[in-house]
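Presented below is the structure to which this report refers.
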Amino acid sequence: MKLFRINSLGRALRAIVGWPLLIVGLYFIAALVGSFIAANSDWHEPVRGIPIFVETNGVHVSLIVPMSAAGEDLSDLIRPEHLSNTDLYGTHAMIGWGHGRVYRNARTWGDVKSGDIGSAIIGSDDTTLHIYHLIDPRPAPHRKRFLVSQREYQSITASIRSTFHLTADGQSKAYPAYGPNNLFYDSNGHYSAYTTCNEWTGAVLRKAGVRIGIWTPMPGGVMRWFD
């Protein structure tokens, strides 16, 4: 009888531990597969176009876009007066979207808190835009440059605009972030294990017609398309 109870307890523990591990494993397999299957597979980088970038810090992938280009101007949302030092106002904005608590608490994987991970997996409407001001960015190992057409760029800026959560009088609301050249902004959207910060970037590019994976919840799933 005692042996039966031990065996039953062992099976129960294996089930408790095993199913979550299986689900996590399947999630990462699906993320890997989705990141290798191309959406917009016939897309080609234009010979002449508007240069933009994708950049990763190992946790988040962000878009870097000109503050003003191709008749599009983001300065009505990303305003100089939002910065404590307007000399830092950028020629470009590095824009990422994601879970508010994760963004606010985690600059690297080592900063991520277990409670924030749980909230992100379950899903949350606590989301934010994180925007860095950059002056004439250049390509780097963690920052990939590519060209998009005017139509594609207009789609990208339209997606960015739709992510800002505006006040009743149509204004964006900014909050201090990690330093004087970057800010958080109220945003729209529901974060989940499916719609991650990196998938937001991938979805913006997919909608614009740029070739990228059909699902890109992990940073590598976005960056691999621009090596």
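The values are calculated or read from the model by the stated rules, or taken from the named source; none is laboratory data. Predicted model, so just to flag it, every value in this text is computed and none were measured. Methodologically, a virtual Cβ is constructed for each residue, glycine included, from the backbone with ideal geometry; neighbour enumeration extends over all protein chains shown.
Once the stretch 186-223 is narrowed to residues that are out of contact with any Phe, Trp or Tyr (no Cβ under 8 Å at 6 or more places or on another chain) and among the basic types (Lys, Arg), the residue that is farthest from HIS142 (Cα to Cα) is LYS207. The condition of being part of a loop (DSSP other than H, G, I, E, B) and of a type in the set (A, V, I, L, M, F, W, C) does not hold for LEU205.
If only residues of the stretch 188-201 that are surrounded by 22 or more Cβ atoms within 10 Å (Cβ to Cβ) and touching a residue at least 40 places away in the same chain (Cβ under 8 Å) are counted, the one that is nearest to VAL65 (Cα to Cα) is THR201. For the stretch 1-57, a residue qualifies if it is under 30 Å from PRO139 (Cβ atoms) and either of a type in the set (Ser, Thr, Tyr) or modelled with pLDDT under 75 (or both), and the qualifying residues are SER35, SER41, THR56.
Listed by position, the helices (runs of 4 or more DSSP H) inside the stretch 75-175 whose residues that are under 17 Å from the mean Cα position of the chain (by Cα), at pLDDT 95 or above and closer than 25 Å to ARG206 by Cβ number at least 3 are 150-163.
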